[in-house]
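A quick write-up on the structure given underneath.
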Amino acid sequence: MDKLDLRPFYLFVRVAEAGSFSKAAAMLSVGQPELSRTIKDLEKRYDVQLLHRNGRGVSLTEAGEQLMGHAQGLLRNLMQVDHELSAVRGAPSGNVTIGVPPLFGHVLNFDLIRRMHSEYPKVSLVFMEGFTTDFLEWLAKGSLDLAVMYNPPSISTLLAEHLRDDRLCLVGVPGSLEFQPGSEIAFKTLTALPLVMPPKPHRLRAAVDSAAKEANVVLRIDVEATGTATILDLVRGRIGYTILPQSLVEEDAGNERLHAWPLADPKITPRLFLVTSMQRPMTVAAKCAIDHVRKIFAVRPW
């Protein structure tokens, strides 16, 4: 096998990702015999078994896991070379995959798409919603170029850039509480209020549950939902109240469609970060997207 032939490594990665030869063959429009022969050639070359084969498909052996990491890194590096040389010839191009919390997409996605399409029309944005645990796994695997998340854990392989501090507020329809909109209210005020909240393991839910325990308050969670739009629609429909970062509801509060009351005793101030992996080379397109994320948070009146 030619030492410079990268196709076997590409096919190996696709088979491992698909979990079966038949699925990989269908996705790649390649015959199963060719895929099987390619994997056997790799196993012969390195004198190790790379895949466990069973009736349900294939899974990686320990040696396969090692080769998978190296092969994915090699393919990513080649893609970066392609993107950077394309950028030298002209405008940046390629895909940029961005992790955005379910509650935050409506705040960031549209603005970022508009900016990137205007300045870098050859760059395609791919948004992936998930929780912090998902983003950490996807960053480690190289599935994400960047992620926006609240309070990421300190991990040596990640670079976390602070974007802004936020404040958790109780959110409800005008006239539903006697307090003036914008005034602080104690956490104990939440006792017996019907709440619409994101489900566990969402970090916002974890922060609220922790504060409730600290304040010795039993929360009444009537409905669970992940998307900001869904949660706010339910609140506007008087299904209940919710607890959200102030930045997510300032437009509605400014238009008097909703009222927001910052929570105190305890005060909850989540910090928002832009997170990237230091183990993955950054493409020119991803650098452009990161620059615009910074600009969005610098100019929005949060």
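One table, with the values for the structure above:
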{"quantity": "Greater than 28 Å apart at Cα, pairs in 40/287; 141/287; 200/295; 213/295; 23/122; 40/122", "calculated": "40/287; 200/295; 213/295; 23/122; 40/122"}
{"quantity": "Label-point gap, in nm, between residue 236 and residue 28 - each point 7 angstrom along Cα→Cβ", "calculated": "4.9"}
{"quantity": "Dipole magnitude (debye, nearest 20) for the chain, charges at Cβ of Lys, Arg, Asp, Glu", "calculated": "480"}
{"quantity": "Kirkwood Rh in Å, taken over all unlike Cα pairs in segment 168-264", "calculated": "13.2"}
{"quantity": "Gyration tensor (alpha-carbon) shape descriptor, segment 11-133, a/c threshold 1.5", "calculated": "prolate"}
{"quantity": "Segment 7-73 shape via C-alpha gyration tensor axes, a/c threshold 1.5", "calculated": "rounded"}
{"quantity": "Along each principal axis, Cα extent of the chain, largest first, Å", "calculated": "76, 48, 34"}
{"quantity": "Equivalent ellipsoid, segment 255-302 (semi-axes from 5 times Cα gyration tensor eigenvalues, Å)", "calculated": "32, 17, 7"}
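Bear in mind these aren't lab numbers, they're just calculated from the coordinates by the rules spelled out. Predicted model only: the values in this text are computed from it and were never measured. Note: ideal-geometry Cβ built from the backbone for every residue, glycine included; neighbour counts use all protein chains shown.
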